[in-house]
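Data first, discussion second: the structure below is written as structure tokens.
No lab work stands behind these numbers, since they all come straight from the coordinates. Please read all numbers here as calculations on a predicted model, not as lab measurements. When we count neighbours, we look across all protein chains shown, and the Cβ atoms used for this are built from the backbone with ideal geometry, even at glycine.
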Amino acid sequence: MSETKQASNLLELFDKLNDLKSVFKYGEKLIPIVQSLIDFMNETVPLLENINTSITDSTSKIPKAAHQINDVTAATELATTEILDIVDMINIDIDTIEKDLKSITEKEKQKLDIILKLQNAVKDNSIALSLLQKYEELNSEYKNITTVLTALQKIKNNSYHITLSLQVQDITSQQLSAVNHLISGVQDKLATLLVDFQDTKTEEFEDRKIAAPQDAAFNPNAQYGKSGARQELANELVKSNSNNGSRTTQDEIDKIFS
């Protein structure tokens, strides 16, 4: 019985040794894989550090880009406003000149009617008739006023097209605001990545936030068009309110931009 038990223990020992041998063989296969993972991590760490550095650099430059966009937008708006003011003054002067020329034309027509009546009245007086005909010839220069009025109308039309074309500035401002909004979103994502890469609190990036009006509104899909419908509607509202002294309602303003 003792020999049988010893044999059984030896068999069990050999089984354990075989199991241990299998473990060592598996370990031999696993070691290269573990080594590959270690090598991969060693190669990845510098790459992650480079990514971290790049993100930090990009995050620091984003506010500068956003501020430059805001500066461009502000400068463009200022220049556009000045141009529109000048165009408005030109239109006012043209309207005044046009009104005076039309008044002169009307008076000259009345003079011509009087001359024709005088010619009929003094047709038997050759000297008086000759003088009236001479005066009529000298007074016919007023007919050139029609040409001047046509030229003034052309100038008014060109001024109107300038005003209409300057709406591209508003479209540009809206699109730049959309870009700023996008940049701000990218900055937030980059800041989140930096927090993940290193023990950095998000409060450290608060001083790098892009300054933008909280109530700023923009349409990222705004497009430029040559239709004068909106400008005509705006002119109609301004003219109407100027006549009756009322203020433009918000609904009327929204209608212009709808």
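Quick look at the numbers
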{"read-out": "Per-pair calculated FRET efficiency, R0 = 41 Å: A65 and I38 via Cβ, rounded to 0.05", "value": "0.50"}
{"read-out": "Set K64/K189; K111/K156; K102/K156; K109/K156 screened for pairs whose C-alpha atoms are more than 19 Å apart", "value": "K111/K156; K109/K156"}
{"read-out": "Links that overshoot a 22 Å alpha carbon limit, given the list K134/K154; K117/K143; K107/K143", "value": "K134/K154"}
{"read-out": "Calculated FRET efficiency for the pair E106/I127, C-beta based, R₀ 41 Å, to 0.05", "value": "0.85"}
{"read-out": "Sites L182 and I94 - FRET efficiency at Förster radius 45 Å, r taken between beta-carbons, to 0.05", "value": "0.55"}
